[in-house]
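Throughout, read-outs are computed from the coordinates displayed, never taken from laboratory work. Small disclaimer: the values here were computed from a predicted structure and weren't measured. Here Cβ is always computed from backbone atoms with ideal geometry, including for glycine, and neighbour counts include all displayed protein chains.
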Amino acid sequence: MYSYLCSFHTADLDRKGFLVSMDASELDILRHSTAHVMAQAVTELFGDVKLAIGPTIEDGFYYDFELDHTFTPEDIEKIEAKMKEIAKRNLPIVREEMSSEQAEILFEELHQPYKVELIRDLPGDTVTVFKQGDFIDLCRGPHCSYTKKVKHYKLLSLAGAYWRGDEKNAMLQRIYGTAWGTADELAAYLTRLEEIAQRDHRKLGRELDLFSLPEELGPGLVVWHPKGAILRGLIEDFLKEEHKKRGYDFVVGPHIMKTSLWKTSGHYQTGYPMYFFDIEGQEYGIKPMNCPAHILVYKSQPRSYRALPIRYFELGTVYRHERSGVLHGLLRVRGFTQDDAHIFCTRAQMEEEIIGVLDFAFHCLRTFGFDEYEVMLSTRPEADKTVGTDENWELATNALIAAMEHHGIKYTVDPGEGTFYGPKIDVKLKDALGRLWQGPTIQVDLNLPERFDTVYYGDDNAQHRPVMIHRVVLGSMERFIGALIENYGGQFPLWLAPVQAVVAPVSEKAADYAADVYKELRGAGVRVELNDKNETISSKVRDAQMQKVPFTLVVGENEAADGTIAVRDRSGQDRRGVKAADFIEEVAAAVRDRS
RNA sequence: GCCGGUGUAGCUCAGUGGUAGAGCAGCGCACUCGUAAUGCGCAGGCCGGGAGUUCGAAUCUCCCCGCCGGCUCCA
């Protein structure tokens, strides 16, 4: 498939599978040097600049600065021009090793307090600095040999960023950029950014009339329009069917619950971002999670070990007070519906249950066109920040690992990134453009069973604590559909397309026949629309294409005469003389195998 | 929440102190048309909200709100 690779000596594929002229480490070096050249340009242009950090990131780099001047978009052009000039000077980039003390003195003299702080925190007693002309930066390197190598780059955006990512620290100004080995690669990357913008679910959501987030409603609150609601309904129907197959019981809880319940669960005390309000002197909270209700269902009667595992499923709508600055289309909202389930089982059953959940999750994801994943195991944070015994943490973590190994899943460990109440597995999905999205999460909960004193009776007739596994498969409807829209670029497969076909009469002469075809298809369960506007057929075809409708069914006098339809698909392929019944079967077949 | 940007018709966007504009979408009329835009016409705006400066504000200033790009946080 990649046989043409041979013609590229140092050719490599980048992380998203695109052919690039440099391997990952060469690109990394180039980008790092580009960041230095940018920092030099900023320093030369604005004088008193305090440099923070300037690492490489996926596809590029950034550098954080502190200075009195506030960057404007116009400054970006000036900085790019200055970078070009610096590159042209072709300064040698020289590595120098020095003792930490020397370096500290050097950067004190240069009025670079952030660098001094970095040096103090670095292990070892020597550091390296890199010099190009008058510009000196603390840096591990390596770098390109000359500034001239820095050629194909573009500064992309300005942003604020806290020093060391801590909001208690000073807000710095960050400039993001990208850099590549050749002009073509840079151009390809910029084209790719364009493509990503074209697929933006917020843009497609509006254009395809799927959903909106009206200002009148409040930030982060979604209304689903008819077409979006069809899409969402199809996904929910699929989920319900799959959960039934896999032995889940459906439960339903209310949206508001007394604050005392949130005190029992601990959400109240830990300052979970909830909404609280008062009813007749009694304080209530809107649920940010579904678990307490599920636990109360569990606790509604004594449970025997024979009844376990118990799996409760709910498409549970929750509300969380997300900080205003983090809201983003469907991907980060304040009200959302999780495909949430809680599994209560014995310790001995835990591993098998997790195996089942993983199997379930991957089956669902493949159905929606996600075939590549990255899996992360998040382990226990510092012990004093967590609940639960060492033994239980170990047991839970081992069960997660064993289940992944059972499936032969390659995973990376995110040490200390588990929740305070237990370890978890996060699955990230890779979409059509190679981007990662948050997907299934499986968490073992060592906290709530204790807090709610959840028990079952064992064969020894004694009370035991069940293991509680909290898991979502698609995550939330909102976030998942956002990802789905971008993954398909709005071109949903037939089984998910809100409108599967548009009947487009060529002229009024075929209007009656078109109406008949429309009724026949609708009667057969095809999601079909009739475009009987007083417009040309070209215009109707165009409308359907723009709406990314899978099939446009053109009917004119010819079709009316022999009782057929002309089927045009989204790629522009046209099949004439198709019987409506055959088309209906074709659609039904695709819906059956979800394609 | 914080830093920066931004907000004009349903959508995309012009309009830098002197009576609010275009294209598309919508509605009407004509045309009756064969696979990505037929023509003509008509409607449509508290220029995000509030306060101020000014004879006069979409335009200048301040406050608030939303959105966008990030930081932090997360399904």
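General observations
- Size of the stretch A:164-264 from its Cα atoms: along the principal axes, largest to smallest, the extents are 57, 40, 36 Å.
- Across the options A:86, A:420, A:335, the greatest Cα extent toward the positive end of the charge dipole of chain A (unit charges at beta carbon of Lys, Arg, Asp, Glu) belongs to A:335.
- Ellipticity estimate at 222 nm from DSSP helix runs (n ≥ 4, -39,500 (n - 2.57)) divided over chain A, nearest 500: -11000 deg cm²/dmol
- Averaging the Cα positions of each part gives two centres, and for the stretch A:244-268 and the stretch A:114-135 these lie 52 Å apart.
- Inter-part distance where the stretch A:489-544 and the stretch A:575-595 are each reduced to a Cα centre, Å: 14
- Each Lys and Arg adds +1 at its Cβ and each Asp and Glu adds -1 at its Cβ; summed about the Cα centre, the stretch A:190-337 shows a dipole of about 660 debye.
- Just so you know, the Rg over Rh for the stretch A:144-202 is 1.11, from Cα atoms, with Rh as the Kirkwood radius.
- Helix runs (DSSP H) in chain A reaching 15 Å along axis by Cα, Kyte-Doolittle at least 0.5: A:580-592
- Of all beta bridges that DSSP places with both ends in the stretch A:458-595, some 45 percent have antiparallel geometry.
- Neighbour counts of C-beta atoms inside 10 Å place A:238, A:583 in the sequence A:238, A:583, starting with the fewest.
- Hydrodynamic radius (Kirkwood) for the stretch A:219-306, which is based on Cα pairs only, to one decimal in Å: 16.0
- Between residue A:561 and residue A:519, the FRET efficiency from the beta-carbon distance, with R0 = 25 Å, is close to 0.85.
- Kirkwood radius and radius of gyration were both taken over the C-alpha atoms of the stretch A:511-595, and their ratio Rg/Rh is 0.93.
- Taking amide hydrogens as placed 1.01 Å from N in the peptide plane, the amide H of residue A:475 sits under 5 Å from those of A:339, each at least 5 positions away in sequence or on another chain.
- Charged-residue dipole, Cβ positions (Lys, Arg, Asp, Glu), the stretch A:83-164 about Cα centre, Debye nearest 20: 860
- Charged-residue dipole, Cβ positions (Lys, Arg, Asp, Glu), chain A about Cα centre, Debye nearest 20: 940
- Evaluating kT/(6 pi eta Rh) at 4 °C and 1.567 mPa s, with the Kirkwood radius of chain A over Cα pairs in the Stokes-Einstein relation, gives 46 µm² s⁻¹.
- The residue list A:497, A:530, A:36 was ranked by how far each Cα lies along the charge dipole of chain A toward its positive end, using unit charges on Cβ atoms, and A:530 comes out on top.
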